[in-house]
Amino acid sequence: MFDPTPEMLARLSNDPYEVHGMQAGFQLPRRIWRSMFALYAIFFLGIGAATGRDTATIFMLVISALYALIYFGTASILHAQKGPEHTSPLDRAGGTLDTWTGPMDRGTVAAQILAVPAGFAFLGVAFLVIRGTAGF
């Protein structure tokens, strides 16, 4: 008789090839999506406050912010249309996300996904600090 291990059951419950019923979904915790959105918002607010002095600059910032909203909006719409899905494997105690290069824990996934948005947020804040200390 076949007796699956808990690890096998966890993998089966998040089958990315499921075509009906519960779906695997994005498999990222909601807090990672929210953190990414917040970091990009910090970037746009910092850059906007530091450089948004003329119409052309504001126009470019609005276009860039709209692209970011399209990115998050598309993910949100796809999530809403997809139907019910399993919780992220990272929300489980000791859960890992299966990737092409092997399983990754919550901290590693967050670091890889949030590294670029955190860099952009730092850049936006740095521009704002430079603008504030330069006195112009």
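In nm, give the distance between the simple-model label positions of T51 and L69, each being 7 Å from the Cα along the Cα-to-Cβ direction.
Reported label-point gap for T51 and L69 is 2.0 nm.
Quick one: which residues, 5 or more positions from E85 or on another chain, have an amide H under 5 Å from its amide H? H modelled 1.01 Å from N in the peptide plane, none for Pro or chain starts.
Residues meeting the criterion, in which the H sits 1.01 Å from N, are Q23.
Step through the residues of the stretch 116-127 one at a time and calculate ³J(HN,Hα) from phi using the Karplus curve (6.51 cos²θ - 1.76 cosθ + 1.60, θ = phi - 60°), rounding each to whole Hz and writing x for Gly and Pro.
5, x, 5, x, 5, 4, 4, 4, x, 5, 4, 4
Report the paramagnetic label zone for F122: residues of the stretch 33-69 whose backbone N is under 15 Å from a point 7 Å from Cα along the Cα-to-Cβ axis.
39-40, 43
In what sequence, highest mean first, do 101-107, 45-51, 89-95 appear when ranked by Cβ atoms within 10 angstrom?
On the way: 101-107: 12.3, 45-51: 18.4, 89-95: 14.4.
Averaged packing, sorted descending, gives the order 45-51, 89-95, 101-107.
Rule-based calculations on the coordinates, nothing more; no lab input. Since the structure is predicted, the reported quantities are computational estimates derived from the model, not experimental observations. Note: ideal-geometry Cβ built from the backbone for every residue, glycine included; neighbour counts use all protein chains shown.
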